[in-house]
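Down below is the structure, laid out as structure tokens.
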Amino acid sequence: MKKTWLTGLSASVLLVLSACSDESAQSNDSQVKTPEAQTTDQAPENNTPIVVYTSRKEHLVKPFFEQFTAETGIDIQYITDSEAALISRLKAEGERTPADVLITVDAGNLWLATQEDVLQPIESPVLEASIPESLQDPENHWFGLTVRARTIVYSTERVKPEELTTYEALGDEQWNGRLCLRTSKKVYNQSLVAMLIARYGEEKTQQIVESWVSNLATDSFSNDTKVMNAITAGVCDVGIVNTYYFGRLQNETPDIPLALFWPDQSEEGYGVHVNVSGAGITKHSDNQQNALKLIEWLASEEAQQMFAGLNMEYPANKNVEPTEEVAAWGKFKADSTNLSKAGELQPAAVKLMDRAGYR
Amino acid sequence: MTDNTDQQTSQNASTKRWRFGVLKKVDGFLLWAILLICLLPLLPLLFSWFNLEPELWQHLWNTQIPQLLSNTFWLVLLVGGGSFLIGVSLAWLIVMHDFPGRSILQWGLMLPLAIPPYILAFTLLGFTDYEGPLQHLLEAVGLGVAWLPDTRNVFGVALIFTLSLYPYVYLLMRSALQRKGRTSYESARTLGYSRAKAFWRLVIPLTRPAWIAGLGLVLMETLADFGAVAIFNFDTFTTAIYKSWYGFFSAGTAAQLACILLLFVALSVLVEKWGRGQSRYEQTGIALKEYRQPLTGWWGWLVQIFAWTVFALGFVLPVIQLMVWAIKTYERHTDGTLELLSHTMILAVVAALITLVVAGIMVWAKRNRESASRNLAIEFSQLGYALPGTVLAVGIMMALNWIDGGIASLFGIKGQWLASGLFALILAYIIRFLRIGYGPVASSMSQIKPSVVEAAASLGADQKERLWRVYIPLLRPGVFTALLLMFVEVMKELPATLMLRPFGWDTLAVRIYELTSEGEWEVAALPAVLLVAVGILPVIYLIKKSES
């Protein structure tokens, strides 16, 4: 009796399961396919859907994929997850992977993907022409799509911009008890410190990070927005954040008493630390043609304008201007060191921050 | 004991003996199969030891591990102590006392179970943080904020875990007290024991299996958590696992650290088993008619204030805060939220049902024949609960990919069978939540004393009748509790879902993760409210069920 009961239960469960997967397949189709898709088909011989693994979150990629499908008739299936998880997944799946394209944020992760041998070199005159040299892998495993600057934010009530100069100067005596930082566990800070190592070497960078730590007003925060809230609340006066977080806050509260400062702008300065979100084609992609088509489209002027508007980032394409809001923060000189350094030096940077007691 | 009587009775009822005979032969096999499957994700972790990075270990040991161990130690101590105190005292209050509002609190105190720690963490932190509503309010009424303590430390984190996990202790204690605590306490009182003595010397030891099981769940979840501690930027042992993986790109070291965490948990489980020994407390006599003592005096008021404070902090306040945010940001959710909701619920129902079947087989095998090896197999099958979700997911993913790779090379065809699709995800849920499902069913089974089955047999009930009229009715409460708890847990689960879900199978938890990882806490409130709302229903049902 018990046995039949169990069999019945598992049978019904299987039924539900299979019903569900059918349903999801259908809903997936309807999600990305649009009526125009069939009419504006450019490459009728190849409509194989593209599978994307992305660590950019759904609300930041979905509009692009829908637009791409509308223009080309090529469907896109995607899954979002954290970078390390996606790279591990690609590695574990090996040549059986369904994925064609990997999209992640931060050059450190793109470097890791290259290192773990899950990406293949891309040959594309289109991408070479539109994406600056420093925003792409030297061996073309990945190309940057959007640029974000990690820069200094300060309280307009308690700080004059003339007091600010460089990242390292935030360790000066005058900022004692006035600095707020995000946790060193975030890859953005790891990349920043990695780039400082590339500039100044480990020894000096460790001194810089130690001086930051001794200037901290309070324990480090879990995200950039909280750093800015702490500055607004008067807990501290300066911090380091990604530009788009500032943009979002400014959108919500236009009269917020905060402003961005571009450090390292002097003649011999290295410039503001910038980072990218970027994309590459997976090593074992079955659909390289369409994968390349997608990445080239994402780098196109049309998509780049969308990127700039959606998340207030800087377009990676040289020919596209940032949005008005973003342009209002002013022009700056960006660090032109190749970003793959950020990944190469990331483990060293994390160790260094551990030693310096930066949590 | 159990085994003998069952065998005797099955021999007496000669009809259908063959069927039970066959089943009894396979139960051991099934048990070992379950153990094997549950240990599958641990294989890649074990293999990681072939790839040691001594230099990285040196670094971790010098700069991280002492601090992490001390943090983890204090966190476990505070959360364990806090959950014991709150869970046990509130269960005692509800079972033994009467006071205005009791009927609300008796289920209200279970509701925090519907809020995952990571949601409670970002909600309470958002409420108390700089530029948060609390600080704005305090400034507005002229109290200032300078005196507010910083919550981003071990006490704040411990408070989050305690508030969102104490319901496990409360739930298990409440039913234990209803079953045996009350009777023994009252007998002890009539024999002249003082209240305190009767409580500490009799009730607490008698209900030990209940609160130990509850504390086990609370602490394992605390050790495995990464979400809530990340929001507070508080470093525990799990942090080192993630740091090795994300920061140092060393998946091997991460796996080795996970092994150590797991070893530690397994050892504590064994020590607890060994400490409990063979002693077993069986309820004797009949439960007394329910009588609840009215709460009086200043002490009574204090206790009531305490209970309401727990309810307010663990549920009312976070839900109000979430709803305020949800109303503020609801137009940012254009579409798909309902689809997320239905995915979440389908996954939760399916996973809970399958896990229940697995737990049922284990309980049945234990009932058939109790032996040290079987007990060990059962205990080790449930270790997945202590594994950080991402580590479990990676383990499953790697193991299934090995199998897929094996199939591919064997038959020379390229493709994915096990590693993609719902199979992997459901498997992850089973391995992760078997402990939640096994406990209640096993405890129901242990209450069906052999004498009851013997009595049924001597009254001429055959096996079919004994199943339907003895086992099933008596197991039902445990089965319901297991199902509902697993449903809520699967709904809340994030890391394994994130890594193993097939295309198009996003859940509410996934959406919440995506938004919060971009710092969009307020926008995440709407899916969070939905998650909590769906979680509340089974919790309320659970309480109603245990009341009747």
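Bear in mind these aren't lab numbers, they're just calculated from the coordinates by the rules spelled out. Just so we're clear, the structure is a prediction, and the values are computed from it rather than from any experiment. Here Cβ is always computed from backbone atoms with ideal geometry, including for glycine, and neighbour counts include all displayed protein chains.
I'd like the FRET efficiency for B:Met323 and B:Asn51, computed as 1/(1 + (r/R0)^6) with the beta carbon distance as r and R0 of 51 Å, rounded to 0.05.
On the way: r = 49 Å, r/R0 = 0.96.
Result of the calculation: an efficiency of 0.55.
Quick one: B:Phe248, A:Phe246, B:Phe380, fewest Cβ neighbours within 10 Å first, how do they rank?
So the ranking, lowest neighbour count to highest, is B:Phe380, B:Phe248, A:Phe246.
When a footprinting reagent is the concern and you count Cβ atoms within 10 Å, what order do A:Asp172, B:Asp129 take, fewest first?
On the way: A:Asp172 14, B:Asp129 22.
Going from sparsest to densest Cβ surroundings: A:Asp172, B:Asp129.
Where is the GNM fluctuation largest for chain A (alpha-carbon springs, 10 angstrom cutoff): A:Leu292, A:Leu345, A:Leu310?
With Cα springs under 10 Å in chain A, the top fluctuation among A:Leu292, A:Leu345, A:Leu310 is at A:Leu310.
In degrees from 0 to 90, rounded to the nearest 10, what is the angle of the helix A:2-32 Cα long axis to the longest principal axis of chain A?
Its long axis makes an angle of about 70 degrees.
Cut-off 10 angstrom, C-alpha nodes, Gaussian network model of chain A. Which of A:Gly108, A:Gly171, A:Gly94 fluctuates the most?
A:Gly94
Specify the residue with the greatest mean-square fluctuation among A:Tyr188, A:Tyr314, A:Tyr245, computed from a Gaussian network of chain A linking alpha-carbon atoms under 10 Å apart.
Among A:Tyr188, A:Tyr314, A:Tyr245, the largest mean-square fluctuation in the Gaussian network model of chain A belongs to A:Tyr245.
Past the 19 Å Cα-Cα mark, which pairs from B:Lys180/B:Lys449; A:Lys62/B:Lys243; A:Lys186/B:Lys243? Present the calculation step by step, with values, prior to reporting the outcome.
Working: B:Lys180/B:Lys449 15 Å; A:Lys62/B:Lys243 29 Å; A:Lys186/B:Lys243 10 Å.
Beyond 19 Å between Cα atoms: A:Lys62/B:Lys243.
Can you sort B:Leu215, A:Leu60 so the residue with the fewest Cβ neighbours within 10 Å comes first? Before the final figure, lay out each step's value.
Details: B:Leu215 23, A:Leu60 20.
The most exposed by this proxy come first: A:Leu60, B:Leu215.
Just want the answer: with Cβ charges of +1 for Lys and Arg and -1 for Asp and Glu, which residue in B:Ser48, B:Gly108, B:Gly478 is farthest toward the dipole's positive end in chain B?
Of the candidates, B:Gly478 comes out farthest on the positive side.
Helix hunt in chain B: which complete DSSP H runs extend at least 27 Å axially by C-alpha with mean Kyte-Doolittle at least -0.5? It would help to have the intermediate numbers written out before the result.
Numbers: long enough: B:17-39 (34 Å, 1.18); B:65-96 (45 Å, 1.72); B:154-176 (31 Å, 1.50); B:251-276 (37 Å, 1.37); B:337-368 (46 Å, 1.48); B:389-411 (33 Å, 1.49); B:422-447 (36 Å, 1.17); B:472-492 (30 Å, 1.48); B:525-547 (32 Å, 1.64).
Passing helices, by number: B:17-39, B:65-96, B:154-176, B:251-276, B:337-368, B:389-411, B:422-447, B:472-492, B:525-547.
Could you tell me how many degrees, from 0 to 90 and to the nearest 10, lie between the Cα long axis of helix A:288-298 and the main elongation axis, the longest principal axis, of the Cα atoms of chain A?
Around 40 degrees separate the two axes.
At most 14 other C-beta atoms within 10 Å and a DSSP loop state: those are the exposed GluC sites (Glu not before Pro) I care about. Give me the longest piece of chain A that has none. Before the final figure, lay out each step's value.
Numbers: sites that count: A:Glu45, A:Glu123, A:Glu139, A:Glu157, A:Glu267, A:Glu268.
That gives A:158-266 as the longest site-free run.
What angle, in degrees between 0 and 90 and rounded to the nearest 10, separates the Cα long axis of helix A:187-200 from the longest principal axis of the Cα atoms of chain A?
50
Compute and list, largest first, the equivalent-ellipsoid semi-axes of the protein assembly as shown from the alpha carbon gyration tensor, each √(5λ) rounded to a whole angstrom. Don't jump to the answer; show the numbers that get you there.
Working: eigenvalues 504, 236, 117 Å².
The answer is 50, 34, 24 Å, longest axis first.
If amide H atoms are built 1.01 Å from N in the plane of the peptide, which residues on other chains or at least 5 residues away come under 5 Å of the amide H of A:Leu339?
So A:Leu339 has HN proximity to A:Gln136.
Please report the spacing between the Cα centers of segment B:417-432 and segment B:178-256 in Å, no decimals.
Rounded to whole Å, the Cα centres lie 28 Å apart.
Taking H placed 1.01 Å from N in the peptide plane, check which residues at least 5 places from A:Arg182 or on another chain put their amide H under 5 Å from its amide H.
A:Phe221, A:Ile240
Explain nothing, just the number: dipole magnitude of the protein assembly as shown about its Cα centre with +1 on each Lys and Arg Cβ and -1 on each Asp and Glu Cβ, in debye rounded to the nearest 20.
Numbers: 71 positive and 85 negative charges, 1313 e Å.
In debye, rounded to 20, the protein assembly as shown gives about 6300.
Report, largest value first, the span of the C-alpha coordinates of chain A along each principal axis, in whole Å.
Between the extreme Cα coordinates on each principal axis of chain A lie 73, 60, 40 Å.
Restricting things to alpha carbons, tell me how big segment B:69-117 is in terms of Rg and Dmax, in Å.
13.9, 44
Run the simple label-point estimate for B:Trp299 and B:Leu376 please: 7 Å along Cα→C-beta, distance reported in nm.
Distance between label points: 4.9 nm.
Quick check for me: using +1 on Lys/Arg Cβ and -1 on Asp/Glu Cβ, what's the dipole size of chain A about its Cα centre, in debye to the nearest 20?
For chain A, the charge dipole is close to 1320 debye.
With unit charges on the beta carbon (Lys/Arg positive, Asp/Glu negative), name the residue among B:Ala442, B:Asn401, B:Leu459 whose Cα is farthest towards the positive pole of the charge dipole of segment B:333-506.
So the residue we want is B:Leu459.
Charges only on Cβ, +1 for Lys and Arg, -1 for Asp and Glu: so what's the dipole of segment B:445-548 about the Cα centre, in debye to the nearest 20? Display every interim value, and only then the final one.
Values: 10 positive and 11 negative charges, 131 e Å.
The dipole of segment B:445-548 has a size of about 640 debye.
Using just the C-alpha positions of segment B:333-506 as equal point scatterers, what log10 of I(q)/I(0) does the Debye formula give at each q in 0.09, 0.20 1/Å?
-0.41, -1.25
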